[in-house]
Amino acid sequence: LKSRLSKLVPCVARALDEAAQRVALRTSEERQAQLEEQIRQAQRMEAIGTLAGGIAHDFNNALTTILGFTELLSADLPDDDRRREDLAAIRKAAEYSAALTRQLLAFSRRQVLAPVQLDLGLVISDLERMLRRVIGENIQLDVDTPAGVSEVLADRGQLEQVLMNLVVNARDAMPDGGKLTVSIEDSTVRYTTPMVEAGRYVLLTVRDSGVGMTREVAERVFEPFFTTKAQGHGTGLGLSTVYGIVKQSGGHISVESVVGKGTTFRVFWPVLPAGAAGDRARRPTEPEAGTRRDSAERHETILLVEDEDAVRDLVRQILVKRGYRVIAAASAEEARATVAHDAPAIDLLLTDAVLRGESGPDLSVALRAARPGLKVLFMSGYVEQTPLRRTQMENAGFLQKPFTPSALVDKVREALDS
């Protein structure tokens, strides 16, 4: 018996070792499959974002022209002219389209963000009353924002939009009422994956007890225009906007859902690095009396660089009517040639950020090298990280397309008076 047992022990040990190896191999294969799926998902979202950003850029140029000429036409009509109603309808449709393109820009991570140092708990507390009104009385809202949670560096307006969109999505998933929980806590991601980098985050969790989603729906939930709602109820851009804002802010968002049980969204906001001090949000202040003078008093010269003919003609008309001298160019190369040939005194460079050929920021660097005091105002339908580098944005203004004539005039005056 002893001899048999001595032979059995190695066999059992070998069998256990082989079983452990099979389990480890199966676990490794499952992990590899998960990573490959995450990579495919990230690549798909990146491709959709590139397409959405390009579409939004082209639409914003068209909408700038529509909104601009609509306002110019309206200003020339008598107050009792019935055509004003037609122009108002055109303007309303254009503004609605502009709102859609802003959501596409958010998804494609090509917005202009103004990050400040924020206490996420205070932001949620400030919004809590509004959130309760949004969800209605048949949904119980529990908010957990403990003291001592790390601060984040984020654009407050965009962060509020993320929270609002997630809460509205949860409300729509609970038509018969339910429970909604919003909480924050410090969290550490120890290993980098294709979806999120290792580091310290503030974890925002939004959990509902609604109808839930199938796996197939959850995999597409962040895609623009994807929606399970009936036609006419939502654009399918709410969660894609959330995705874009979070990604552009350096964070990560994930979703877990069980049909009939509910859905949980987890948003990882990067923690403000130790020793770093971002600007804190400040209330806007009104300009002091007399700081903004009518442009007709000044007659400054503006070098306008815009490669879209319709937008360039519109901007030139608006500024000329306000008393400015405008030198218009269709490209950075044409602008350089004009400046080199005529050597005019230029008070402001007003340029699109993304031009065919040399970019607007590169042009501004070259012109400022020869004219250190030159004021610069960028305009664009979207902002890519490459053309608009932080160093080139210093001491420069930015005007988001689409814009109205009044917004253009205000920004130009602000840039010249800065």
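Quick grid of which residues meet (1) buried (at least 16 other Cβ atoms within 10 Å of the Cβ); (2) polar (S, T, N, Q); (3) at pLDDT below 90:
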{"position": "K229", "(1), (2), (3)": "no, no, yes"}
{"position": "I245", "(1), (2), (3)": "yes, no, yes"}
{"position": "P284", "(1), (2), (3)": "no, no, yes"}
{"position": "G290", "(1), (2), (3)": "no, no, yes"}
{"position": "S295", "(1), (2), (3)": "yes, yes, yes"}
{"position": "I302", "(1), (2), (3)": "yes, no, no"}
{"position": "V305", "(1), (2), (3)": "yes, no, no"}
{"position": "V311", "(1), (2), (3)": "yes, no, no"}
Just checking, does segment 169-180 include any residue being among the charged types (D, E, K, R), within 16 Å of V271 (Cα to Cα) and either over 18 Å from the mean Cα position of the chain (by Cα) or in a helix (DSSP H, G or I) (or both)? no
Filter segment 58-83 down to residues that are under 13 Å from E308 (Cβ atoms) and surrounded by fewer than 18 Cβ atoms within 10 Å (Cβ to Cβ), then give me how many there are. 1
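Restricting attention to segment 198-224, which residues are under 23 Å from Q161 (Cβ atoms), among the charged types (D, E, K, R) and touching a residue at least 24 places away in the same chain (Cβ under 8 Å)? Before the answer, list the steps.
Just the residues of segment 198-224 that are under 23 Å from Q161 (Cβ atoms), to begin with: 201-208, 210, 213, 217-218, 220-224.
Okay, now just the ones that are also among the charged types (D, E, K, R), so 207-208, 220, 223.
Listed by number, the residues that qualify are R207, D208, E223.
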Just need a number here: residues in segment 147-157 that are touching a residue at least 24 places away in the same chain (Cβ under 8 Å) and either surrounded by 21 or more Cβ atoms within 10 Å (Cβ to Cβ) or over 17 Å from the mean Cα position of the chain (by Cα) (or both). 6
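Confirm whether T241 is under 30 Å from A407 (Cβ atoms) and at pLDDT below 65.
No; evaluated as a whole, the condition is false for this residue.
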Residue by residue through segment 181-223, note down the ones that are in a strand (DSSP E or B) and more than 30 Å from Q140 (Cβ to Cβ). T188, V189, G199, R200
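Do the conditions hold for F268, that is, is it at pLDDT 65 or above and outside any loop (DSSP other than H, G, I, E, B)? Show your work before the answer.
Values: at pLDDT 65 or above: yes; outside any loop (DSSP other than H, G, I, E, B): yes.
Taking the combined requirement at face value, the residue satisfies it.
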When only residues in segment 85-135 that are in contact with a Phe, Trp or Tyr (Cβ under 9 Å, 6 or more places away or on another chain), part of a helix (DSSP H, G or I) and of a type outside the set (A, V, I, L, M, F, W, C) count, which is modelled with the highest pLDDT? S97
Considering every residue within segment 197-205, establish whether at least one is in contact with a helix residue (DSSP H, G or I) (Cβ under 9 Å, 6 or more places away or on another chain) and at pLDDT 85 or above. yes
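The values are calculated or read from the model by the stated rules, or taken from the named source; none is laboratory data. No experiment lies behind these values; they were computed from the predicted model shown. Because the Cβ atoms are built from the backbone with ideal geometry, glycine has one as well, and the counts that use them run over all protein chains shown.
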